[in-house]
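The values are calculated or read from the model by the stated rules, or taken from the named source; none is laboratory data. In this text, all values refer to a predicted model and were calculated from it rather than measured experimentally. Heads up, the Cβs are rebuilt from the backbone with ideal geometry, glycines too, and the neighbour counts pull from every protein chain shown. All accessible areas refer to the heavy atoms of the entire protein, side chains included, with ligands and DNA or RNA removed. Shrake-Rupley method; radii C 1.70, N 1.55, O 1.52, S 1.80 Å.
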Amino acid sequence: MSARFHRCLTATASRIFLSATILFQSVPQAPVAAADSTQNIVGPSQTIPATSFGMHIHRAGNPVPWPSVPVGSWRFWDAHVAWADMAPYKGDFHFEFLDRYLALAEEHNADVLYPLGLTPRWASSRPDEKSAYQPGWAAEPKDIEDWRHYVTTIVEHCKGRVHAYEIWNEPNYKPFWTGDVDGVLRLTREASQIIRKVDPQALIVSPAATTASGTKWLAEFLSKGGGQYVDVIGYHFYVNTQPPETILPIIAQVKQIMADNHQSAKPLWNTEIGWLRPSQFASEDLCAAYLARTYILAWAAGVQRTYWYAWDSGPPLEMVEHDFRTLKPAGQAYGVIHSWLVGARLNNCRQDAASTWVCELNRSGDTQWIVWNPAGTKMFSVPAQWRAKSITPLLENANAVAAASLEIGPVPVLLTTKGPTPGPAN
C-alpha cells in the first residue's frame with residue numbers, strides 16, 4: 001500500500017511506513033457508490049469465529065509484545081518474511097523472524113496467513129526497476145524455477161503451522177507488481193500445485209487486489225481460470241478516508257464477480273484494510289468507531305475474515321501507545337467489538353431513512369442490537385418489543401436504558417435485554 005498526510009499513527013520503521021501508506025496517496029481511486037438511503041443486509045447463518053478478527057503485527061516479540069486483545073488470525077505482511085527477506089541471496093534462506101512468529105502464533109492460538117511474494121533482486125526479471133521497497137522486488141522472477149524453489153522451501157518449513165498462503169500482495173498496484181495478470185496467474189498455478197502436494201490441508205488465497213479499482217483486475221484473473229488454483233478469494237477493501245459503510249458496494253461488486261466466474265462457493269477474505277484519519281480534526285473515538293463498524297459490516301456482508309493494518313504501525317489508526325502496551329481507543333475498540341461479535345450470530349444489519357444502522361445479534365437465544373448513525377448525532381426510538389435494559393457505548397461501561405429515546409451517533413452502542421453489570425465493559 002507513501003507518507004505525507006495527517007493520520008492516527010506515529011512514525012515507525014521506514015519500510016513499514018512506506019508500504020503502509022503509499023496506497024492512500026498514489027493509487028487512482030475509482031468512485032465508490034454512495035450507500036443506499038435504506039439497506040437490509042442478511043448476515044451469514046454461522047456464528048462469528050475468532051478467526052474473523054485478523055491483524056497485522058510487524059515486529060512481534062521484539063520490540064512489540066503480543067497484543068493484549070484477542071488476535072484470531074495473523075497475516076505475515078511487512079513483517080520481514082517476504083521472499084526478498086527470506087532469501088537475500090540465491091539458496092541462502094534465513095528463518096529467524098519466521099520461526100519466532102510461528103512460535104508466537106502457536107502460543108497464542110493465532111491462525112497464520114502467509115503472503116508469498118516480493119522477488120529478491122537476484123531473482124528479479126527487472127532488478128533495477130523501482131518498487132514500494134527495494135529495486136526489482138515488484139517484478140516477476142526471471143526463472144520460474146526460483147519461484148518453485150522458494151515456495152517449496154517455505155511450505156515444507158511451515159507445514160502444519162501455517163494454515164493459509166496468499167499469492168502476492170496487491171497485484172493491481174504497480175509498486176507491488178509490475179507484471180501483468182498472466183504473470184500472477186502463472187505464479188498462482190505453480191504455487192498452488194506445490195502447496196497442494198506438500199501441505200494439502202493448507203488453504204490457498206488468491207492474489208488480493210485493492211481498492212475499488214481492483215475489481216477489474218480480479219475479474220480478469222478469474223475469467224482466465226485463476227479460481228481453480230485457490231480456495232479463498234482475497235481482496236483489500238480500502239476506501240481511504242470514506243466511512244466504513246462505503247466498503248459495502250465494493251464487497252457487492254466483488255461477490256458479483258465471483259458469481260459471474262462460478263466462484264461464489266468460496267470464502268471471501270478482506271486480507272488487509274485500514275483507514276486514514278477521517279479528517280484532520282477527527283477524534284480518537286471516531287477512529288475507534290471506524291474500526292468497529294468495519295468489522296461489523298464486513299461480516300454482515302459475507303466477508304469471513306478481516307485483517308486490520310496494523311497493530312504496531314499505520315495507517316491509519318494507532319492501536320497502542322509508544323510503549324506498544326497501552327491501548328489507544330482504536331485498540332480498545334478492537335477488543336470490545338471482538339467481545340460483542342465472536343460467538344454470536346449476526347442476523348441482519350438494517351439502515352433506515354435517517355441513516356441509522358441497527359445490527360441484530362443472537363447469542364445463545366438472547367437477542368442484542370448494535371446501533372449507530374454515521375451521519376452524526378440523532379435521536380433513536382428504542383422499539384418497545386426489544387425490552388432493552390442496558391446500553392453499552394463502544395468505549396464505556398454499560399448503563400441502564402433510562403428512556404424510550406436515546407441519543408446515538410457515529411460510535412456504535414450495544415443494547416441488550418439484560419441489566420448492566422458492574423465493572424468495565426471490555
Can you pull out the residues in the range 312-361 that are under 29 Å from P63 (Cβ atoms), among the aromatic types (F, W, Y) and open to solvent by 10 Å² or more (accessible area, probe 1.4 Å)?
F324
So in the range 48-68, with the set limited to residues that are over 13 Å from H80 (Cβ atoms) and of a type in the set (S, T, N, Q), which one is most open to solvent (accessible area, probe 1.4 Å)?
S68
For the range 375-397 the number of residues that are touching a Gly at 6+ places or on another chain (Cβ under 8 Å), open to solvent by 40 Å² or more (accessible area, probe 1.4 Å) and assigned to a strand (DSSP E or B) is 1
Meets criteria (part of a strand (DSSP E or B) and either open to solvent by less than 20 Å² (accessible area, probe 1.4 Å) or out of contact with any His (no Cβ under 9 Å at 6 or more places or on another chain) (or both)) for E407
yes
When residues of the range 147-177 are filtered for being hydroxyl-bearing (S, T, Y) and open to solvent by 10 Å² or more (accessible area, probe 1.4 Å), how many remain?
3
Failed item, numbered, when L23 is tested on (1) hydrophobic (A, V, I, L, M, F, W, C); (2) touching a strand residue (DSSP E or B) at 6+ places or on another chain (Cβ under 9 Å); (3) modelled with pLDDT of 50 or more
(3)
Go through the range 215-228 residue by residue and tally those that are in contact with an Asp or Glu (Cβ under 9 Å, 6 or more places away or on another chain), among the small types (G, A, S) and open to solvent by less than 20 Å² (accessible area, probe 1.4 Å).
1
Of all residues in the range 182-214 being part of a helix (DSSP H, G or I), open to solvent by less than 10 Å² (accessible area, probe 1.4 Å) and out of contact with any His (no Cβ under 8 Å at 6 or more places or on another chain), the one that is farthest from K142 (Cα to Cα):
I195
Filter the range 254-271 for residues that are part of a helix (DSSP H, G or I) and crowded, with 17+ Cβ neighbours inside 10 Å and give the result.
V254, K255, I257, M258
Considering the range 71-93 alone, what residues qualify as being open to solvent by 10 Å² or more (accessible area, probe 1.4 Å) and of a type in the set (K, R)?
K90
Does the range 262-277 include one or more residues that are modelled with pLDDT under 95, farther than 22 Å from S339 by Cβ, of a type outside the set (V, I, T) and touching a helix residue (DSSP H, G or I) at 6+ places or on another chain (Cβ under 6 Å)?
yes
So T306 fits all but one of (1) open to solvent by less than 30 Å² (accessible area, probe 1.4 Å); (2) among the hydroxyl-bearing types (S, T, Y); (3) closer than 22 Å to N397 by Cβ; what number is the exception?
(3)
Filtering the range 362-374 down to residues that are open to solvent by 30 Å² or more (accessible area, probe 1.4 Å) and more than 19 Å from E245 (Cα to Cα) yields N362, R363, S364, G365, T367
Could you tell me whether the range 229-239 includes any residue that is at pLDDT 95 or above, of a type in the set (G, A, S) and surrounded by fewer than 24 Cβ atoms within 10 Å (Cβ to Cβ)?
no
What number of residues within the range 117-146 satisfy the criterion of being open to solvent by 50 Å² or more (accessible area, probe 1.4 Å) and under 26 Å from the mean Cα position of the chain (by Cα)?
2
State which residue pairs qualify: first residue under 26 Å from S339 (Cβ atoms) and inside the range 70-93, second residue part of a helix (DSSP H, G or I) and of a type in the set (S, T, N, Q) in any location, beta carbons under 6 Å apart, and separation of 6 or more residues or different chains.
G72/T51; S73/T51
Just to verify a result, which residue in the range 301-319, among those that are part of a strand (DSSP E or B) and at pLDDT 95 or above, is farthest from D111 (Cα to Cα)?
V303
